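First the structure, in the form of structure tokens, and then the observations on it.
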Amino acid sequence: MLFLWNVNSTDKTREITLEFYDSSNGEIQRFSDMEYWPYFLSSYPLSKEELVAVSRVQGKVEPVRKQNLFTGEPQEMAKVEAVTPSFLKRLAKDFGDVWESEINYGRGYVYDKGLIFGAPYTLRDGNFVLMEEVDRDLEHNLQRTFEQERKNAPAKYAQIRRWFSICHQPVPHIDIDLLGIKERVNDTAEQVYLAFMLSRLANIPVPDVHKNRKVSYWIKSMIYTYLRQNNILIPTSRELRRGIDIHRVPGALTLEPKEGVYFNTIVCDFESLYPSCIDSFNLSYETLNCIHEECKTNKISEVDHHVCTRRKGFYSLLIGALKDLRIRWFKPLANNMSIPEDKRRLAKAASKLLKLITVSSYGVTVRIHGLACPPLAESITGYGRWALRRTWKISKEKGMKPIYGDTDSIFLDNPTSMQV
């Protein structure tokens, strides 16, 4: 069985080298491709000056249609190709409008070919075929657990099912040194499992898992994978910010505590409040302040933004799928005493990994280059403050005594178990 391990490329040639870990012999196998050209996208048609610049580096241009993220409409673009990545970088300086020029050449190849790092493949007639089938019992449990999404949110269910399928594929037994882990750990099987899980979910090379531990790097790769594989134009950093400069975003709410000494205080909190807001309220880069007149009344509490009611946002879809996989699949599995302890331990590790990614889904929108979007960040915290205030009000209406609230938690004085 072959597991996609890494991709290598250089600025001086067009050669792409895919590295696969061969579980049959524990060795790395390499396969090269010289047919893929490095490219960026530009406005179509090109100007005379831009056409001259392309011919100067022996490049080529072809019209392509991409979906505009913000309008949802098809958009004709110029796909500008060059013989090597270095020529492409030089060429981009002669263009006024450029999209997707920052994407690494080798990673762009993986996105465009629909490949998934860390996933198992078989080689058939010279083509790499992804292994993503799961057994009948797993498939049945998946459909039963996410029945509502399957009926009412097919796009979200499709993402849940894809991640579910690739995460339940086998993980090879490898030497932990291959992962670049220098320190010794007690449970190497768990470390290997987490490395391949993260590689598959974020679509990053397996060796990068322990080299780059920035969650923003993982989330950006998830976004690029989704947009490229759905033929959606990846916006520039400024477009994602909606032309707004990065600024301080109003944060979480703290409700003034009531003075006193309390002997039976119960704390109730939301499970993944910010990811839940992103999911439940359709918060995404393209759904904030959309162009539809009928959506402008769908205002967000406390902030001057509105949310689209006509289409599902991709960020809401991705974060919602990860959140639901954690809360409704891996977390219950980790507490299921009917399954072996080693499987519970791996499920618990997977749940923690998914939580790390989802809880970072707000923070990266505040100021990370290529992910920042002030309206999106303000909307997430705006809904978070609304949820806490609304919870406080409900608790009082139900006859409870709320004494303190902070971000995603409310403290209740001596409530009954039924009230909790």
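The values are calculated or read from the model by the stated rules, or taken from the named source; none is laboratory data. Small disclaimer: the values here were computed from a predicted structure and weren't measured. Here the Cβ is made from the backbone with ideal geometry for all residues, glycine too, and neighbour counts use every protein chain on show.
I'd like the full set of residues that are hydrophobic (A, V, I, L, M, F, W, C) and part of a strand (DSSP E or B), limited to region 50-89. The answer is Val61, Val64, Met77, Ala78, Val80. Where residues in region 242-265 are under 20 Å from Tyr404 (Cβ atoms) and of a type in the set (D, E, K, R), which of them is surrounded by the most Cβ atoms within 10 Å (Cβ to Cβ)? Checking each candidate, the answer is Lys258.
Residues are listed down the side, and each one gets a yes or a no for (1) within 19 Å of the chain's Cα centre (by Cα); (2) in the same structural domain as Ala350 (by TED's automatic domain parsing):
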residue	(1), (2)
Val215	yes, no
Thr225	yes, no
His247	no, yes
Tyr274	yes, yes
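Within region 141-172, the only residue that satisfies the criterion of being touching a Ser or Thr at 6+ places or on another chain (Cβ under 9 Å) and among the charged types (D, E, K, R) is Lys156. Within region 256-279, the set of residues being free of Cβ contacts under 8 Å to residues at least 60 places away in the same chain and either under 30 Å from Leu318 (Cα atoms) or of a type in the set (Lys, Arg) (or both) comprises Glu271, Ser276, Asp279. Scanning region 14-63 for residues that are surrounded by 14 or more Cβ atoms within 10 Å (Cβ to Cβ) and hydroxyl-bearing (Ser, Thr, Tyr) yields a total of 8. Here is the figure for region 70-96: residues that are in contact with a Lys or Arg (Cβ under 7 Å, 6 or more places away or on another chain) and farther than 15 Å from Arg14 by Cβ total 5.
If a residue has to be assigned to a loop (DSSP other than H, G, I, E, B), among the aromatic types (Phe, Trp, Tyr) and within 21 Å of Leu356 (Cα to Cα) to count, how many in region 244-276 make the cut?
1
Annotation: of all residues in region 311-345 being more than 18 Å from Trp163 (Cβ to Cβ) and aliphatic (A, V, I, L, M), the one that is surrounded by the fewest Cβ atoms within 10 Å (Cβ to Cβ) is Met337. Checked against (1) under 29 Å from the mean Cα position of the chain (by Cα); (2) within 23 Å of Phe196 (Cβ to Cβ), Tyr39 passes all but a single condition, namely (2). Which fully enclosed helices (runs of 4 or more DSSP H) of region 302-420 have 3 or more residues being hydroxyl-bearing (Ser, Thr, Tyr)? By residue number, 341-367, 374-397.
Does region 266-281 hold any residues that are surrounded by 22 or more Cβ atoms within 10 Å (Cβ to Cβ) and of a type outside the set (Ser, Thr, Tyr), and which are they? Selection gives Pro275, Cys277, Ile278, Asp279. Of the residues Tyr157, Tyr193, the single one that is free of Cβ contacts under 8 Å to residues at least 60 places away in the same chain, outside any loop (DSSP other than H, G, I, E, B) and not hydrophobic (A, V, I, L, M, F, W, C) is Tyr157.
Out of region 277-287, which residues are outside any helix (DSSP H, G or I) and under 11 Å from Ile380 (Cα atoms)? Reasoning before the result, please.
Here is the first cut: in region 277-287, the residues outside any helix (DSSP H, G or I) are 281-287.
Answer for region 277-287, where residues must be outside any helix (DSSP H, G or I) and under 11 Å from Ile380 (Cα atoms): Phe281, Asn282, Leu283, Ser284.
Here the condition is being crowded, with 19+ Cβ neighbours inside 10 Å and in the same structural domain as Pro207 (by TED's automatic domain parsing); of Ser86, Ser9, it holds for Ser9 alone.
Considering only residues that are closer than 25 Å to Cys167 by Cα and hydrophobic (A, V, I, L, M, F, W, C), look in region 1-27 and name the one that is modelled with the lowest pLDDT. Among those residues, the one meeting the criterion is Met1.
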